[in-house]
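For reference, the structure discussed in these notes is given below.
The values are calculated or read from the model by the stated rules, or taken from the named source; none is laboratory data. Source: prediction; values computed, not measured. Cβ: placed from backbone, ideal geometry, glycine included. Neighbour counts: every protein chain shown.
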Amino acid sequence: MKADLHMHSTASPDAKVDPIDILRKMKAKGFGAVAILDHNSIEGSLRASKVAEEIGMILVRGLEVSSEAGHIGALRVEEMIPRGLSPDETVDRIHSLGGLAVALHPYRMSTGVGEDVVKRCHFDAVEIVNGFTSDRRNGKAKALADSLELSYTAGSDAHYEKEMGSAYLEIEDSSDADELLKKIESGKGSPGGSGLGLGGSIKAAGALTWEWMARGFRRM
Ligand SMILES: [Zn+2]
Ligand SMILES: [Zn+2]
């Protein structure tokens, strides 16, 4: 089963696809599970979770939290975690809510938490393929996960329809989100898809700089 574990819906200020459309479109692409992780918002994943079963998809609830050090994925979380906390406290809060703390795109410039934070905080998993990060930085993330014996996640980080499913985890069939996350935690997933090659990286850096300028030089 294919699981895209990092997607953005219209609940993110910079993304364009409705959360329910994400489920329908990903099912049509042959995916069995998705995690909708909007920037500092739980609303999109909660909306999708109400209809996921009906559509025949597994939906992992959660969000992408902007910690002081960078972006942290909170999987299996149904409550807001405020932005701007230290990475240690963000990870603690995720754990106290019963969730999985994921170091998303840890080597991405400015929004990744970086190697030292991954080593120091008690993350459960590292995102080893992010569809919007260079293959080189994704490779470093995998090496880091392996050296710390952390589980893998992978996801497209799609903000637009054309990007959906570009990176994913291939994992045994699961009947619900809990079973899927247990398999992820026990290290059963293998990555599929890819990040950005060199041309794509330059294009993405340009697009990210442009969006950042449009937001008045505020980080997402
Ligand atoms: Zn991010
Ligand atoms: Zn993201």
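Per-residue answers, yes or no, for (1) among the aromatic types (Phe, Trp, Tyr); (2) surrounded by fewer than 18 Cβ atoms within 10 Å (Cβ to Cβ); (3) closer than 22 Å to LYS162 by Cβ; (4) in contact with a strand residue (DSSP E or B) (Cβ under 8 Å, 6 or more places away or on another chain):
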{"site": "ALA15", "(1), (2), (3), (4)": "no, no, yes, yes"}
{"site": "ASP18", "(1), (2), (3), (4)": "no, yes, yes, no"}
{"site": "ARG24", "(1), (2), (3), (4)": "no, yes, yes, no"}
{"site": "PHE31", "(1), (2), (3), (4)": "yes, no, yes, yes"}
{"site": "VAL34", "(1), (2), (3), (4)": "no, no, yes, yes"}
{"site": "LYS50", "(1), (2), (3), (4)": "no, yes, no, no"}
{"site": "GLU53", "(1), (2), (3), (4)": "no, yes, no, no"}
{"site": "ILE58", "(1), (2), (3), (4)": "no, no, no, yes"}
{"site": "SER66", "(1), (2), (3), (4)": "no, no, no, yes"}
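Condition check: assigned to a loop (DSSP other than H, G, I, E, B) and modelled with pLDDT under 95. Does LYS203 satisfy that?
no
Looking only at segment 82-99, how many residues end up being outside any helix (DSSP H, G or I) and surrounded by fewer than 23 Cβ atoms within 10 Å (Cβ to Cβ)?
Counting residues in segment 82-99 that are outside any helix (DSSP H, G or I) and surrounded by fewer than 23 Cβ atoms within 10 Å (Cβ to Cβ) gives 7.
For segment 26-46, indicate whether the set of residues that are within 15 Å of ligand 2 (Cβ to nearest atom), charged (D, E, K, R) and closer than 26 Å to HIS122 by Cα is non-empty.
Yes.
Would you confirm, using the coordinates I've provided, whether GLY189 is modelled with pLDDT under 95 and either hydrophobic (A, V, I, L, M, F, W, C) or crowded, with 21+ Cβ neighbours inside 10 Å (or both)?
Taking the combined requirement at face value, the residue satisfies it.
Applying the selection to segment 35-59, what residues are within 16 Å of ligand 1 (Cβ to nearest atom), of a type in the set (A, V, I, L, M) and not in a loop (DSSP other than H, G, I, E, B)?
ALA35, ILE36
Does segment 107-116 contain at least one residue that is closer than 26 Å to LEU23 by Cα, touching a strand residue (DSSP E or B) at 6+ places or on another chain (Cβ under 9 Å) and either within 15 Å of ligand 2 (Cβ to nearest atom) or of a type outside the set (Lys, Arg) (or both)?
Within segment 107-116, not a single residue is closer than 26 Å to LEU23 by Cα, touching a strand residue (DSSP E or B) at 6+ places or on another chain (Cβ under 9 Å) and either within 15 Å of ligand 2 (Cβ to nearest atom) or of a type outside the set (Lys, Arg) (or both).
GLU68 - would you say it is assigned to a helix (DSSP H, G or I) and either β-branched (Val, Ile, Thr) or more than 13 Å from ligand 2 (Cβ to nearest atom) (or both)?
no
Report, ordered by the first and then the second residue, all pairs with beta carbons closer than 8 Å, sequence separation of six or more or different chains, a first member in segment 57-69 that is in contact (Cβ under 8 Å) with a residue 12 or more places away in the chain, and a second member that is within 15 Å of ligand 2 (Cβ to nearest atom) and of a type in the set (Lys, Arg).
Listed by first residue and then by second, the contacts come to VAL65/ARG83; SER66/ARG83; SER66/ARG219; SER67/ARG83.
Just to be sure, is TYR107 buried (at least 20 other Cβ atoms within 10 Å of the Cβ) and assigned to a loop (DSSP other than H, G, I, E, B)?
Taking the combined requirement at face value, the residue satisfies it.
Among the residues in segment 160-168, are any polar (S, T, N, Q) and touching a Leu at 6+ places or on another chain (Cβ under 7 Å)?
No, every residue in segment 160-168 fails to be polar (S, T, N, Q) and touching a Leu at 6+ places or on another chain (Cβ under 7 Å).
Pick from segment 119-132 the residues that are within 14 Å of ligand 1 (Cβ to nearest atom) and of a type outside the set (Asp, Glu): which of them is nearest to the chain's Cα centre (by Cα)?
Step by step, filter segment 119-132, then rank; the result is ASN130.
Could you say which residue among ALA3, ALA48, ALA15, ALA33 is of a type in the set (A, V, I, L, M, F, W, C) and at pLDDT below 95?
Answer to the check: ALA15.
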